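Chemist: Have a look at the structure that comes next, please.
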Amino acid sequence: MIKNSKAFDPLISIAEQFSHQGNITDIQALGNGNINDTFLVSLDDLEQTRFVLQRINTNVFRHPQRVMKNMYILTEHVHKKLQNTPQTRPWEIPRVILTKTGQDHWNTVEGDYWRAISFIEGSESFDLIADVSHAQEVGYALGMFHNLISDLPSERLTDTLEGFHITPLYLEQYEKILAQNTVKSSPEVEYGLNFVRDRAEWCFVLENAKQENKLPLRLMHGDPKVNNVMFDSKTGKAISVIDLDTVKPGLVHYDIGDCLRSGCNPMGEETQDWQNIYFDLELCRGILTGYLEVARTFLIDNDYAFLFDAIRLISFELGLRFFTDHLAGNIYFKVKYPDHNLARALVQFKLTESIEKQESQIRQLITDLR
Ligand code: GN1
Ligand code: MG
């Protein structure tokens, strides 16, 4: 039992609900997720030293039971596959930890929805990519993840977050918020308004391609940002991809775009120094090289044709989502200060601008790597 930690008492009693060996020795906040609340629970057991405890944000994930059902099907599928097929290098997938009574979640009297997931022992994650070889590992991890889920029939998973990554729907929400709210003007807000207006027509690009059957629907991760890739602390190699709440049918382009927008921004998405944001071409080369090492076998010609748009679009889309949330009064993403979502939006818009400026180099890079 943890001593002297009154503040953690409620967390301890929640963590105690989940099946584990040994005593709980510590509970710490983990990572900097924008939606769920995440904690790392330490145990004095030699085999399982830690597990992850999460409160699902049910304002965002309205049907948490669907999230858990998906996660169970997905992790069991991948786990079996990893066990039954020889792997060229170590790979793991987090597992759902059930409660002592066999449930996949625990509801508190306040109505909070908690779940527990295994922690990949001996691993760590990073908010920023350190160098090109790190970038290659991140790309490899995404390719590996896509490969591992590629034979899971998509109808087995339910949609956990309707409209997720459908850019035109985010644009619709944005326009609705603009029509409802009086916007407090500032040079930054004006920049954002103009930025979105100038790209409003183009932002249908992936959804149009999907509807015209130019791009195949595939299972995707939904949120493969850099810090969702776990690295083996000893070997420095990628070993897992975590945060599996948004795995569902979609386009691998959303994932590639998301991985690149988070990985090729050396200043990180949380900086307030948005004027100096840039998209790093060498890190982009690293990620795509690592990704294509695995994904070349399943990508079709059209997939390559839309890669540049994907990179540009997902940066723009995240900027639009942050900007809309700022205008709406911060109802979706957790914030640490009032203009936090505005600062985040500006970072993504500047990143989009840098991607646009390097369009010919990025397109050339994609051609060279095919
Ligand atoms: C949210 O909560 P977190 O940090 O894992 C968001 C992603 C964004 C990301 C930006 C369900 O993910 O789409 O890319 O913030 N997740 C959801 O950091 O909206
Ligand atoms: Mg996430």
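Chemist: Scan the strands (runs of 3 or more DSSP E) fully inside segment 197-256 and keep the ones with 1 or more residues being hydroxyl-bearing (Ser, Thr, Tyr) and in contact (Cβ under 8 Å) with a residue 60 or more places away in the chain.
Modeler: 238-241
Chemist: (1) open to solvent by less than 10 Å² (accessible area, probe 1.4 Å); (2) of a type outside the set (Lys, Arg); (3) within 16 Å of ligand 2 (Cβ to nearest atom): which one isn't true of Asn265, the others all being true?
Modeler: (3)
Chemist: Pick out the one residue from Leu219, Leu178, Leu206 that is under 17 Å from the mean Cα position of the chain (by Cα) and at pLDDT 95 or above.
Modeler: Among Leu219, Leu178, Leu206, only Leu219 is under 17 Å from the mean Cα position of the chain (by Cα) and at pLDDT 95 or above.
Chemist: Moving on. Limited to segment 342-370, what total is found for residues that are more than 18 Å from His165 (Cβ to Cβ), assigned to a helix (DSSP H, G or I) and among the polar types (S, T, N, Q)?
Modeler: 5
Chemist: What number of residues within segment 86-111 are free of Cβ contacts under 8 Å to residues at least 60 places away in the same chain, more than 15 Å from Thr75 (Cβ to Cβ) and in contact with a Lys or Arg (Cβ under 9 Å, 6 or more places away or on another chain)?
Modeler: Residues that pass the stated criteria total 0.
Chemist: Restricting the search to segment 104-119, which residues are in a loop (DSSP other than H, G, I, E, B), of a type outside the set (Val, Ile, Thr) and more than 18 Å from the chain's Cα centre (by Cα)?
Modeler: Scanning segment 104-119 gives Asp104, His105, Glu110, Gly111, Asp112.
Chemist: So if I check each of Glu212, Glu188, Glu172, Glu155, which one is surrounded by fewer than 14 Cβ atoms within 10 Å (Cβ to Cβ), more than 24 Å from the chain's Cα centre (by Cα) and of a type in the set (D, E, K, R)?
Modeler: Selected residue: Glu212, the only one of Glu212, Glu188, Glu172, Glu155 that is surrounded by fewer than 14 Cβ atoms within 10 Å (Cβ to Cβ), more than 24 Å from the chain's Cα centre (by Cα) and of a type in the set (D, E, K, R).
Chemist: Among Val183, Val189, which is the only one that is at pLDDT below 95, within 28 Å of Asn59 (Cα to Cα) and not acidic (Asp, Glu)?
Modeler: Unique residue meeting the criteria: Val183.
Chemist: Output the qualifying pairs, or none if there are none: Cβ atoms under 6 angstrom, residues six or more apart or on different chains, first residue in segment 313-337 and in the same structural domain as Leu193 (by TED's automatic domain parsing), second residue in a helix (DSSP H, G or I) and at pLDDT below 95.
Modeler: No pair meets every condition.
Chemist: Which one of Asp223, Asp258, Asp243 is within 14 Å of ligand 2 (Cβ to nearest atom) and on the phi > 0 side of the Ramachandran plot?
Modeler: Asp243
Chemist: What pairs come up if the first residue lies in segment 165-177 and is over 11 Å from Arg321 (Cα atoms), the second is hydroxyl-bearing (Ser, Thr, Tyr), and their beta carbons are under 8 Å apart, counting only those six or more places apart or on different chains?
Modeler: Note: pairs meeting the criteria are Ile177/Thr324.
The values are calculated or read from the model by the stated rules, or taken from the named source; none is laboratory data. Worth saying up front: this structure is predicted, and the values here are computed from it rather than measured. Reconstructed Cβ throughout: ideal geometry from the backbone, glycine too, with neighbour counts over all protein chains shown. Side chains included, ligands, DNA and RNA excluded: accessible areas come from the protein's heavy atoms. Shrake-Rupley method; radii C 1.70, N 1.55, O 1.52, S 1.80 Å.
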